1. Output the residues belonging to the range 132-161 that are open to solvent by less than 10 Å² (accessible area, probe 1.4 Å) and either among the small types (Gly, Ala, Ser) or assigned to a helix (DSSP H, G or I) (or both).
2. Since residue 107 meets every condition but one in (1) under 19 Å from the mean Cα position of the chain (by Cα); (2) part of a strand (DSSP E or B); (3) buried (at least 16 other Cβ atoms within 10 Å of the Cβ), which condition does it not meet?
3. Considering the range 1-24 alone, what residues qualify as being among the hydrophobic types (A, V, I, L, M, F, W, C) and assigned to a loop (DSSP other than H, G, I, E, B)?
4. Residue pairs, Cβ under 7 Å, 6 or more apart or interchain, first in the range 133-160 and free of Cβ contacts under 8 Å to residues at least 60 places away in the same chain and closer than 18 Å to residue 196 by Cβ, second open to solvent by less than 30 Å² (accessible area, probe 1.4 Å) and in a helix (DSSP H, G or I). List them.
5. Of the residues 36, 7, 57, which single one is surrounded by 10 or more Cβ atoms within 10 Å (Cβ to Cβ) and acidic (Asp, Glu)?
6. Yes or no: residue 187 free of Cβ contacts under 8 Å to residues at least 40 places away in the same chain and within 30 Å of residue 107 (Cα to Cα)?
7. Does residue 350 satisfy the criteria of being under 19 Å from residue 20 (Cβ atoms) and in contact with a Leu (Cβ under 7 Å, 6 or more places away or on another chain)?
Amino acid sequence: VRISLKEPYAPFLTVTLPYRAGWILNQAAVEKFGSEYGLNPIGTGPFIFDRYIPGTEVALSVNKDYYAGPPKLDRIVFKPISEETVAEIALERGDIDIMYFRSPEVYQRLKVKKGIVVEEKTGPGIYSLVFNIDKKPFSDPRVRKAIHHAINKDQIVKNILGGIATKGTSVLPPNFLSYTEAVTQYDFSLEKAKGLLREAGFGEGFKTTLYYSQLSPWPLVVPVIQEDLKKVNIDVELKGLEHASLMSFIRARKHDFGVQPMLRPPDPDMIFYLMFHSKGTFNATGYRAEDENIEKARVEMSLDKRKAIYVQLQKKVVEDSPTIPLFYLKVLVARKPYVKGHPVDLLNGFWGYSTYIEK
């Protein structure tokens, strides 16, 4: 396979090729199955698609002809279990061997339970509040910064999310290239928040609507934000939307104030271009002050120079506050002790080739 680019693109090998945009499909299979291709997957991996029962399971069997040698598992069955407490019970009983989950309550129980191993990593996702900076009062950076000071992130992470997340500091997650904490830190301070609101002419407060996803963990988080902002006279109405509807809504910039999760491979371009470039498809804020530097970083092939650009970008964007980075969720995996060789993947991928059972 030979790929020609019309211009340099620094993240090509780390973002494009290993991610969905870079997957090469089997032409014969696509032409044969058409719209049913997704239900008849074909590839070159260590496992072979066996069967799919909607809502019940996806089963894979061993590929004995895999080029690097067959995997140690003969079969893998994926079972969708919508209620994490039900999955927890299934793991305890041995009905399943490994599970991915997000519930703070399940996390607190499983990490102290005998016969269960819980592994975790901070994931490559940033979970933020986003302002439409072309609409009042959020067009005033003092209002945005006031809200940043008014939100108690420590309470959200420790008491609401129960350890399944770490506090957001920058607009990049900690495992991204060039991540730095040397950015403006908005400590929790109601006095600072009230002072900024007075400066901006909103000392008496205002009303707004916060649009949020009904997916976990947002329903747990947004009531706390609502209560925090009430203390500085900001009256917040909460409006929950189905996740896909919310994403369409805020990308169309119909909101004044909303939430936005971003989970992407750990390269800064995936955040800066998508969220903060004027042409970014996930730019829900309307931020456009750093287009030139974002474009410059994309084509810079020197790693050191590229890092330096992204450090400055972080400082500038955090200072301008078109978004408020709230927290970074962890990737959580619980397994039976006999499940060996399974790495915790940052993008929640299941690596079956290295996984084996040892009883």
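The values are calculated or read from the model by the stated rules, or taken from the named source; none is laboratory data. Everything quoted here is computed from the prediction, not taken from an experiment. Cβ sites come from the backbone with ideal geometry, for glycine too, and all protein chains shown count toward neighbours. We work out accessible area using only protein heavy atoms, side chains counted, and drop any ligands, DNA or RNA first. Shrake-Rupley method; radii C 1.70, N 1.55, O 1.52, S 1.80 Å.
1. From the range 132-161, those open to solvent by less than 10 Å² (accessible area, probe 1.4 Å) are 132, 138, 143, 146-148, 150-151, 156, 161; that's our starting set.
If the condition is that a residue be open to solvent by less than 10 Å² (accessible area, probe 1.4 Å) and either among the small types (Gly, Ala, Ser) or assigned to a helix (DSSP H, G or I) (or both), then 143, 146, 147, 148, 150, 156 are the ones that fit.
2. Every listed condition holds for residue 107 apart from (2).
3. If we filter the range 1-24 for residues that are among the hydrophobic types (A, V, I, L, M, F, W, C), which is where we start, we get 1, 3, 5, 10, 12-13, 15, 17, 21, 23-24.
Listed by number, the residues that qualify are 1, 3, 5, 10, 17, 23, 24.
4. 143/197; 149/193
5. Numbers: 36 fails: surrounded by 10 or more Cβ atoms within 10 Å (Cβ to Cβ); 7 fails: surrounded by 10 or more Cβ atoms within 10 Å (Cβ to Cβ).
Only one candidate passes the filter, namely 57.
6. Working: free of Cβ contacts under 8 Å to residues at least 40 places away in the same chain: yes; within 30 Å of residue 107 (Cα to Cα): yes.
It is true that residue 187 is free of Cβ contacts under 8 Å to residues at least 40 places away in the same chain and within 30 Å of residue 107 (Cα to Cα).
7. Numbers: under 19 Å from residue 20 (Cβ atoms): yes; in contact with a Leu (Cβ under 7 Å, 6 or more places away or on another chain): no.
No, not satisfied.
Every residue, every condition in (1) under 27 Å from residue 276 (Cα atoms); (2) open to solvent by 40 Å² or more (accessible area, probe 1.4 Å); (3) not in a loop (DSSP other than H, G, I, E, B), yes or no:
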| position | (1), (2), (3) |
| --- | --- |
| 163 | no, no, no |
| 180 | yes, no, no |
| 193 | yes, no, yes |
| 204 | no, yes, no |
| 225 | yes, no, yes |
| 240 | yes, no, yes |
